[in-house]
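Visitor: Below: one structure in structure tokens.
Derivation of every value follows stated rules applied to the coordinates shown; laboratory data play no part. Every value quoted in this text rests on a predicted model; they were computed, and no experiment measured them. Positions of Cβ are backbone-derived with ideal geometry, glycine not excepted, and every protein chain shown enters the neighbour counts.
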Amino acid sequence: MPELAIVTYLRGAERLTPELIEIGNRLHRRYPGLVMTLFVESSATVAAPEAGFPIHVVEAAGTKYRKLLLALQDVGHRYLLSLDNDIAADIPGLLRLVDQTLAADADLGWGRVQSRKLAGLVSRLVEVDKLLSHTVLRPMLWRMHLGVSIPGQCFLLRTASFRDRLPVTDTFLDDLSIGLHAAKHRLRYHYGRDVVAYELPSYSFAALWKQRARWATGFRQSLSCATLNRQDRRLLWIHAFFYHLLPILHVAALAALAPQAPLACAGWLVALALVIARHRPQALGAALAYPILFPLFHAGWWLQFFHVKR
């Protein structure tokens, strides 16, 4: 059985990026049987003149999760590398992640994703949020066997561990469904500490608010899956607590304590910022503002979660 296949996804008028072709070419040299499955939403011709590997173009609508399920059914390779088309990869870091995951025969593998090309306060706050998630929250929760999220922009799956085993309930949060399956069955995972990719888009207030609303809808979809048991729901609610409720409780506690102990609160914010930004010192300024400002978007997440259309 060939070792590795890539799956990626184009939306609307997007085109396959030269960088993804370069990633495919580099991996093809190491894993000669490599193929790429490219999901498109229209039958427009896909030009990839520099590709030294086969590209299978599949026209399909719907969420990334639905397309990933299709790819798992069709691929005949031991591992599937899922890559979003709009990321910029750290190719050496990504190659190490692939090599290490395959060498460990892990069921699931991921590395760190960071932001770049930042413009504006909101984008810098997103950078800090990503640092907190990728270097603190996610590693801690997975070590405690409570983690259910993976970075959806870039991850590896051992196909035999996920084919015909993932829930068929469609969702915007493919990363949560995959992570929950892995946690539920105690699958072996490899967490690569290297940065493997950079997110390119800059965020406006409105764009970030819409993204968090979409995440809340995806979480509600995940909870509605008919195959969930009590332990699955417990893990999902633990995820919601740490990622979306704890920041609100934290800023509320600071607001209550600041009048009585302003120096202690300031010292705590500085210490927290240093921990979050330890891998990216240039983000320290935004990390100081993050605990105060970013809970607004978590409040938006909860508003959307409890919003029921009539």
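Visitor: Report the local net charge at L10: Lys and Arg +1, Asp and Glu -1, summed over other residues whose C-beta lies under 13 Å from its C-beta. Could the numbers behind the result be given before it?
Guide: Numbers: positive: R11, R15, K64, K67; negative: E14, E41, E59, D84, D86.
Taking every other residue near L10 into account, the sum is -1.
Visitor: Please label the shape of the stretch 178-238 as rounded, prolate or oblate, based on the square roots a ≥ b ≥ c of the eigenvalues of the alpha-carbon gyration tensor (a/c under 1.5 means rounded; beyond that, a/b larger than b/c means prolate, else oblate). Spell out each step's value before the answer.
Guide: Numbers: a/c = 3.49, a/b = 1.26, b/c = 2.76.
Judged from the Cα gyration tensor, the stretch 178-238 comes out oblate (a/c at least 1.5, b/c at or above a/b).
Visitor: Could you please report the charge total around R138, scoring K, R as +1 and D, E as -1 over all other residues with beta-carbon less than 14 angstrom from its beta-carbon? Spell out each step's value before the answer.
Guide: On the way: positive: R112, K130, R143, R193; negative: D129, D175.
Once positives and negatives cancel, what remains is +2.
Visitor: Based on the mean of other Cβ atoms within 10 Å per residue, sort peptides 54-62, 185-193 so the most packed one is first. Could the numbers behind the result be given before it?
Guide: Details: 54-62: 13.3, 185-193: 15.9.
Listed from highest to lowest mean packing, they are 185-193, 54-62.
Visitor: For the chain, take the longest principal axis of its alpha carbons; what is the angle in degrees between that and the long axis of helix 262-276, to the nearest 10 within 0 to 90?
Guide: Tilt relative to the chain: about 10 degrees.
Visitor: Expressed as a whole number of Å, what is the distance separating the alpha-carbon centroids of the stretch 156-173 and the stretch 1-80?
Guide: Value for the Cα centre distance between the two parts: 17 Å.
Visitor: Among P259, L303, V148, which residue has its Cα furthest toward the positive end of the charge dipole of the chain, with +1 on Lys/Arg Cβ and -1 on Asp/Glu Cβ?
Guide: P259
Visitor: Helix 121-132 versus the longest principal axis of the chain: what is the Cα-based angle in degrees, 0 to 90, to the nearest 10?
Guide: 80
Visitor: When only C-alpha pairs under 8 Å and at least 6 residues apart count, what is the relative contact order of the stretch 86-306, in percent?
Guide: Answer for the stretch 86-306 is 30 percent.
Visitor: Per-residue ellipticity at 222 nm for the chain, helices alone: DSSP H runs ≥ 4 residues times -39500 (n - 2.57), over residue total, nearest 500 deg cm²/dmol?
Guide: Details: 13 runs with 150 residues, N = 310.
Taken over the chain, the calculation gives -15000 deg cm²/dmol.
Visitor: Placing unit charges on C-beta atoms (Lys and Arg positive, Asp and Glu negative, everything else neutral), compute the dipole magnitude of the chain about its Cα centre in debye, rounded to 20. It would help to have the intermediate numbers written out before the result.
Guide: Details: 35 positive and 23 negative charges, 173 e Å.
Value, rounded to 20: 820 debye.
Visitor: Please say if the stretch 21-141 is rounded, prolate or oblate, where rounded means a/c under 1.5 for a ≥ b ≥ c the square roots of the C-alpha gyration tensor eigenvalues, and otherwise the choice is prolate for a/b larger than b/c and oblate otherwise?
Guide: Working: a/c = 1.69, a/b = 1.35, b/c = 1.25.
It is prolate, given that a/c is not under 1.5 and a/b is the larger ratio.
Visitor: I would also like to ask the following. Could you order the peptides 253-266, 18-31 from most to least packed, using the average number of other C-beta atoms within 10 Å per residue? Don't skip to the answer; put the middle values down first.
Guide: Values: 253-266: 11.7, 18-31: 17.8.
Listed from highest to lowest mean packing, they are 18-31, 253-266.
Visitor: Take peptides 137-147, 281-291 and line them up by average Cβ neighbours within 10 Å, highest first, as a rough protection proxy.
Guide: Details: 137-147: 15.7, 281-291: 18.2.
Highest to lowest by the protection proxy: 281-291, 137-147.
Visitor: Can I ask one more? In a shell of Cβ-Cβ distance under 14 Å around D74, excluding D74 itself, what net charge do Lys and Arg (+1) and Asp and Glu (-1) give? Write out the running numbers ahead of the final one.
Guide: Working: positive: R66, K67, R163; negative: E59, D164.
Taking every Cβ under 14 Å from that of D74, the sum is +1.
Visitor: Suppose we keep just the DSSP beta bridges with both residues in the chain; what percent of those would be antiparallel, to 5? Don't skip to the answer; put the middle values down first.
Guide: Working: 10 of 33 bridges.
Of the beta bridges lying entirely in the chain, close to 30 percent run antiparallel.
Visitor: Please arrange T17, T169, T37, T101 by counting, for each residue, the other beta carbons lying within 10 Å of its beta carbon, fewest first.
Guide: Values: T17 18, T169 15, T37 23, T101 27.
Listed from fewest to most nearby Cβ atoms, that is T169, T17, T37, T101.
Visitor: Only four residue types carry charge here, +1 at the Cβ of Lys and Arg and -1 at the Cβ of Asp and Glu. Report the dipole size of the stretch 56-195 about the Cα centre in Debye, rounded to the nearest 20.
Guide: Working: 19 positive and 15 negative charges, 82 e Å.
Dipole magnitude for the stretch 56-195 comes out near 400 debye.
Visitor: So what's the angle, to the nearest 10 degrees on a 0 to 90 scale, between helix 91-104 and the longest Cα principal axis of the chain?
Guide: Rounded to the nearest ten degrees, it is 80.
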